[in-house]
4 protein chains.
Amino acid sequence: MGMIGGGKGALIGAVHRTSADITGDIELVAGAFSSDANASRAFGVDLGLAPNRAYGSFAEMLEREASLPEDERIQCVSIVTPNDSHADAACAALAAGFHVICDKPLAGHLEDALRIEKAVANSGLLFGLTHPYTGHPLAIEAREQIAAGEIGDIRRVTVSYLQDWLSREEDTKASKQAIWRSDPARSGESGAFADIGTHAFHLVEFMTGLNITEVAAELRTVVPGRTIDDDGAAMFHLANGASGVLSASQVCSGALNALRIEIYGDVGSIFWAQESPNSMTIKLRGQPDQVLRPGSNAAYLSELTIAACRTPGGHPKGYLEAFANLYAGFARAVRNYPAHGDTGCASVEDGVAGMRFIRAALISSRNQSAWTRLDGVST
Amino acid sequence: MGMIGGGKGALIGAVHRTSADITGDIELVAGAFSSDANASRAFGVDLGLAPNRAYGSFAEMLEREASLPEDERIQCVSIVTPNDSHADAACAALAAGFHVICDKPLAGHLEDALRIEKAVANSGLLFGLTHPYTGHPLAIEAREQIAAGEIGDIRRVTVSYLQDWLSREEDTKASKQAIWRSDPARSGESGAFADIGTHAFHLVEFMTGLNITEVAAELRTVVPGRTIDDDGAAMFHLANGASGVLSASQVCSGALNALRIEIYGDVGSIFWAQESPNSMTIKLRGQPDQVLRPGSNAAYLSELTIAACRTPGGHPKGYLEAFANLYAGFARAVRNYPAHGDTGCASVEDGVAGMRFIRAALISSRNQSAWTRLDGVST
Amino acid sequence: MGMIGGGKGALIGAVHRTSADITGDIELVAGAFSSDANASRAFGVDLGLAPNRAYGSFAEMLEREASLPEDERIQCVSIVTPNDSHADAACAALAAGFHVICDKPLAGHLEDALRIEKAVANSGLLFGLTHPYTGHPLAIEAREQIAAGEIGDIRRVTVSYLQDWLSREEDTKASKQAIWRSDPARSGESGAFADIGTHAFHLVEFMTGLNITEVAAELRTVVPGRTIDDDGAAMFHLANGASGVLSASQVCSGALNALRIEIYGDVGSIFWAQESPNSMTIKLRGQPDQVLRPGSNAAYLSELTIAACRTPGGHPKGYLEAFANLYAGFARAVRNYPAHGDTGCASVEDGVAGMRFIRAALISSRNQSAWTRLDGVST
Amino acid sequence: MGMIGGGKGALIGAVHRTSADITGDIELVAGAFSSDANASRAFGVDLGLAPNRAYGSFAEMLEREASLPEDERIQCVSIVTPNDSHADAACAALAAGFHVICDKPLAGHLEDALRIEKAVANSGLLFGLTHPYTGHPLAIEAREQIAAGEIGDIRRVTVSYLQDWLSREEDTKASKQAIWRSDPARSGESGAFADIGTHAFHLVEFMTGLNITEVAAELRTVVPGRTIDDDGAAMFHLANGASGVLSASQVCSGALNALRIEIYGDVGSIFWAQESPNSMTIKLRGQPDQVLRPGSNAAYLSELTIAACRTPGGHPKGYLEAFANLYAGFARAVRNYPAHGDTGCASVEDGVAGMRFIRAALISSRNQSAWTRLDGVST
């Protein structure tokens, strides 16, 4: 694997590398980690890469690697740059013949996302988008239980993803990622809704198996001096007519990384929170609540859930393991290529849907929260 | 005290009576419990009333009691009838010179609510509306902490009140209260939003000390055969510009009586849930979470919170004690009358605000969730 | 009902009175609340008793009440004095022909407890000991589930009751009850083990349906200046051969009223904590955890549990309601007397067992924690 | 690194390997995974080792590796065999000049443990024992807070480690590790107390900074057909005079991997449970509870705690990350050798203490639970 982005001090790049390590299946052998060529090469060497594969730019990496013999070159590229450069990096990597695993959101703008979608289709290669919360065994279990009808027809969903790391004016400049995420030129058309709103959006679609069809949204910029949304909420409709509310904010003081979801059906309901990923509650009307726990030996879980567990019940699984489940799935798919099996990741279509969600929320918000269809947004 | 409504099998009437008992300050000595005069008298005798004060109708009760010597007659009336008859009963009781404590929502329709508001003003008597969840010590503590600025300026609120007791078609006819609450002629203009949405609405205003000024709402009738809302959600704005989402539903299977609130400020946030009323979490950015617990000996709580505790810390307080705190406050206010002190209950103005909330939500919902101001709703 | 003890500032007396009020079945009409005759009478009048039934001493109360016509006099006596006077008060009340409901522990010394046991037998009257934690619906449910074999044969029990209100030297004199509970002359042979250890002991026997047969204990006095145990632990055996550990302490800083129990069987296990009485967890091997919640409408609970609920699911029940369930049971038994039905309370035999537990723990502790049988303790 | 043990199907070997991977600092390059030479070599190749470093026995590995040039050979050996072979493997590895990291308990018998202790001293090399639960950031935080006096002088400790995977007769033969752990010839003098009781023992000493000096214990064999303890409990004393109870069992149905600890001081108390490692509660008398959460950005945590976090707050850390913290510490110590810094692991002395605990518990148990000092056990 080669990496694009994720240089010194970048949080998410380190997370991708550790996750790949955990799989035991993926080796990072090349990279272009920074737009500064010297910094990029130096950081690659720091990471233990062979100096001639610590590249100065991603263009250089793609060109050189593509010229190596098949059994020596990288098989896939991991893209962990700011949103605005996903499209160029992904399209170039696909054009060079490499499978791509890419951090979310898919791009800075819907138009770029559609460009990636087309490039994936043209290349016939594998593409995975990393929404790591869907790598938790119990997030998979929620999807499986809902698909099996355990809670009946979905009626109402409440999802929220709240943080506080941008809750003050001084936070806007406090870290590399705060700077680029608050800058429309690099983050793209949205701030909080792009960064974490899309996680909440995708989790709803992932668990319910239903598309979000329209939203009535309000995006706001709460902290003075910012030019991009840092807080917002939306009502939404699912394809089956169910209704929901979604909140996403990075200015809710006291919230760390509070992604939570509640899904209510006509038979029962499901509760899961990213911060306590090792329990999921199912409430069926007129029965005791059930609390499920992940474990490689928990026979009451679905096969897919069990396959996502590295240890028996009672051994807590964390964020990095969930993320590693995406990389493990992607490595498996790469191995099985040219078959197009499950990559363990979100698909490029999921990524485009997320970008349509952002665009629709922005349009609705500018239009007094009028209901806005995702499939109707103009590009 | 005399009671209007709350006959055989009525849940809420029994709750009011036990709550009054817990105070040790209030004695039920008269009542008109049913629209059927014989049933009313028989039930009063069953409850241990003197037969001549177990009345056949509330008109009879008010007339006879008013004619008794001052130290023998009732001092106040508790109204626990279906919503549609609150206005007639309350206005008559006030006209007869009795203070009134009344179950929520204030009335079936905003117009009736305004009629009660006028009658209270004209009478100079006390009026209390029972939103019992504000009687919990920690709900009071949330209000006091927010008023003291502990979490800073409010930015975002999430509140929901979800139940499942009307989630199936057969539930509509399953009990007396299911029948009248599902019947627009008796419940009034709204179902779920009137019954429980107003609790959520009031809890937000009670804790934050801010009015909800406008809503973008969607009310729905999910279960076939019903002619009134049983589910809905709204985005809302508070007077200080903060934003929030409110969900209220009686068709969310697996939810018992799930009233929960989260309030986020620019310093910290507060979490409280009615189903676990004996803990409240305060999260201040960059600090450990704090979990508060009620107790007559918990010196870190506000004086008002401590006064609402009958036992020391570690002795769980329940729903009936919270309800009794409303009655205890009302009894204290009656004792201090003609002073108009705190009744421990919501005011008639709070009740009118709740009715404006219902009306605005209905108008918004009919108007594609357009933002609708509460103070502008036409009557 | 008449009351003995529970004067001004006494915590437990007020709890008994409110609990009796909640039942709606019991009226306090007489009392001797203090050993100071004037204080006793004044306090009775403050409580709203007729002045001639606010007595100066319990002897006076018993004599006068016994001389009243049967339909005017009290039917039962509630004893809420310090432990050392339980025996005299109870024996006198029984001798005067009144049923007795008495606070725990049964007495200050085992010998006094045996005296009460004999008096109960001789009188043929009803006797109830108030271990209020067994009045919680889910404590009853635990007993019923275990009796029905849901968790199989009991193998191991962990129970603890920890508090901190006596954790400092100055606490010993900080309140009326701190003074007498720390004074062997009034508390009896034990401090913490008598006050709260017996609650833990009884809860084990109540839930498991098994007697504790022997203990290996260590009682300690941790806070300087005290002459009675304020902390301790024991290993114990149940009649079926199961094993357990019990901790009881009033010097564990940070613990409010932390009574918790875990019962493990060969099929599953049960968890319940007094401070969160509205949920109980059942864990069966290889299955999701089940969380049970009390409610008058929760059909999955036993009939006895449902009967102990005043409100539907989702309406939290508290300490006072649990205590009231004991009084409600006792009132029912008094009504059905001379039948000897369930009093809802612990029996005099349970109380004697608790005193044997204290005695055995003290003997074991003095004997290097040697295993000591409860049925063999010398009096 | 080279590994001894941990062949096909061994749970703990795979855990050690993934943990080492997570550090990014350690590479597994050699191994002897099974007592069957062919199986050992085949499994090594499966793991991706160079065929000539997939050895047939640990003796072979130690000999060959020692003969390689210093910059090619392994630097340390990880021992993950059944308890009975720890001593031979560890002594041989040390004799061959390799640092050793070894799974717990230190050995099958105290005598073997003392042999390892002597070999470590003679070699001057590094030795780390893996009690992974002390690798959790909040376990470290508990130690730091207690050392800083936050909860005052320790008075009482409750610790338990309960599982159910051996709760039935058929479990004894259900897996490789069930077989050897139930076999005194391979597990050593104890079953449950050795396997998990030592974890509980070490966690107490680790967090409190105090030695356990004596125990009054009862070990039992609950499931028929077993010849080794599968359940037990003990009262214990700490060096400062504090008292505690410890339960350890593998036959408590419904318990997965339930290691929990509560430590009470004269100022406050601390609660932590391995199954929810991402929160720790501190209760100071008369104050709200504090709930701490791990995060690389949580400034209220100690430096050592923060150093043990790979991700910011709100990203749950799991069992494998805790285990990896031990390996990361060991790798750091190896790098700094010949300095003898913190290995992140338990020391050989801790391991000997654990073996003394087992021996003392067995002696006490055979002696009617008589108090037995750890430093006095005969070997």
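Observations on the model:
- Considering only residues in the stretch C:301-321 that are hydrophobic (A, V, I, L, M, F, W, C) and more than 7 Å from every other protein chain (Cβ to nearest Cβ), the one that is surrounded by the fewest Cβ atoms within 10 Å (Cβ to Cβ) turns out to be C:L304.
- Residue identified as within 14 Å of chain D (Cβ to nearest Cβ), aliphatic (A, V, I, L, M) and buried (at least 24 other Cβ atoms within 10 Å of the Cβ) among A:A324, A:A298, A:A273: A:A324
- Scope the stretch D:276-295; condition within 14 Å of chain C (Cβ to nearest Cβ) and farther than 16 Å from D:R143 by Cβ; matching residues: D:S276, D:K283, D:L284, D:R285, D:G286, D:Q287, D:P288, D:D289, D:Q290, D:V291
- Long-range neighbours under 6 Å by Cβ, at least six apart or interchain, first residue more than 14 Å from chain B (Cβ to nearest Cβ) within the stretch C:242-270, second surrounded by fewer than 24 Cβ atoms within 10 Å (Cβ to Cβ) and of a type in the set (D, E): C:G265/C:D153; C:D266/C:D153
- Conditions (1) touching an Asp or Glu at 6+ places or on another chain (Cβ under 6 Å); (2) part of a strand (DSSP E or B); (3) not charged (D, E, K, R); number of the one not met by C:L166: (2)
- Of the residues making up the stretch C:176-195, at least one is of a type in the set (F, W, Y) and outside any strand (DSSP E or B).
- Given (1) in contact with a strand residue (DSSP E or B) (Cβ under 8 Å, 6 or more places away or on another chain); (2) outside any helix (DSSP H, G or I), index of the condition D:H315 fails: (1)
- When restricted to residues that are touching a Gly at 6+ places or on another chain (Cβ under 6 Å) and closer than 11 Å to B:S365 by Cβ, the stretch B:221-252 contains 1.
- Counting the residues of the stretch C:202-242 that are of a type in the set (K, R) and in contact with a helix residue (DSSP H, G or I) (Cβ under 7 Å, 6 or more places away or on another chain) gives 1.
- Exactly one residue among B:G244, B:G197, B:G225 is more than 17 Å from the chain's Cα centre (by Cα), modelled with pLDDT of 95 or more and not assigned by TED's automatic domain parsing to the domain that holds B:G108, and that residue is B:G244.
- Leading residue by the ranking (surrounded by the most Cβ atoms within 10 Å (Cβ to Cβ)) among those in the stretch D:347-379 that are within 20 Å of the chain's Cα centre (by Cα) and of a type in the set (D, E): D:D350
- D:A30 crowded, with 20+ Cβ neighbours inside 10 Å and farther than 17 Å from D:S85 by Cβ: yes
- With respect to (1) out of contact with any Ser or Thr (no Cβ under 9 Å at 6 or more places or on another chain); (2) small (G, A, S); (3) at pLDDT below 95, the lone exception for A:G209 is condition (3).
- From the list C:G313, C:G241, C:G286, the one residue that fits, being more than 27 Å from A:D289 (Cβ to Cβ) and out of contact with any Pro (no Cβ under 6 Å at 6 or more places or on another chain), is C:G241.
- Of all residues making up the stretch A:296-310, the number that are part of a loop (DSSP other than H, G, I, E, B) and either touching a residue at least 60 places away in the same chain (Cβ under 8 Å) or charged (D, E, K, R) (or both): 5
- Residues considered: A:L114, A:L162, A:L125. Of these, the only one that is buried (at least 24 other Cβ atoms within 10 Å of the Cβ) and among the aliphatic types (A, V, I, L, M) is A:L162.
- From the list D:A142, D:A87, the one residue that fits, being in the same structural domain as D:S35 (by TED's automatic domain parsing) and crowded, with 22+ Cβ neighbours inside 10 Å, is D:A87.
- Residues of the stretch B:336-359 that turn out to be outside any loop (DSSP other than H, G, I, E, B) and either within 14 Å of chain A (Cβ to nearest Cβ) or of a type outside the set (A, V, I, L, M, F, W, C) (or both), as a count: 7
- Condition met for D:L106 (closer than 19 Å to D:A346 by Cα, in the same structural domain as D:A10 (by TED's automatic domain parsing), crowded, with 18+ Cβ neighbours inside 10 Å and under 16 Å from the mean Cα position of the chain (by Cα)): yes
- In the stretch A:283-295, the qualifying residues are those that are assigned to a strand (DSSP E or B) and surrounded by 24 or more Cβ atoms within 10 Å (Cβ to Cβ), and the one that is nearest to the chain's Cα centre (by Cα) is A:L292.
- Listed conditions (1) under 19 Å from the mean Cα position of the chain (by Cα); (2) modelled with pLDDT under 95 are all met by A:E170, apart from (1).
- Residue check, B:R143 among the basic types (K, R) and within 13 Å of chain A (Cβ to nearest Cβ): no
- The listed residue being under 16 Å from A:D350 (Cβ atoms) and buried (at least 17 other Cβ atoms within 10 Å of the Cβ), out of A:A216, A:A200, A:A192: A:A200
- Single match in C:L210, C:L203 (criterion: part of a loop (DSSP other than H, G, I, E, B), over 17 Å from C:S369 (Cα atoms) and within 20 Å of the chain's Cα centre (by Cα)): C:L210
- Count - residues of the stretch B:327-346 that are crowded, with 24+ Cβ neighbours inside 10 Å and touching a His at 6+ places or on another chain (Cβ under 7 Å): 1
The values are calculated or read from the model by the stated rules, or taken from the named source; none is laboratory data. From a predicted model like this one, the values you see are computed outputs, not experimental measurements. Positions of Cβ are generated from backbone atoms using ideal geometry, with glycine treated the same way; all protein chains shown enter the neighbour counts.
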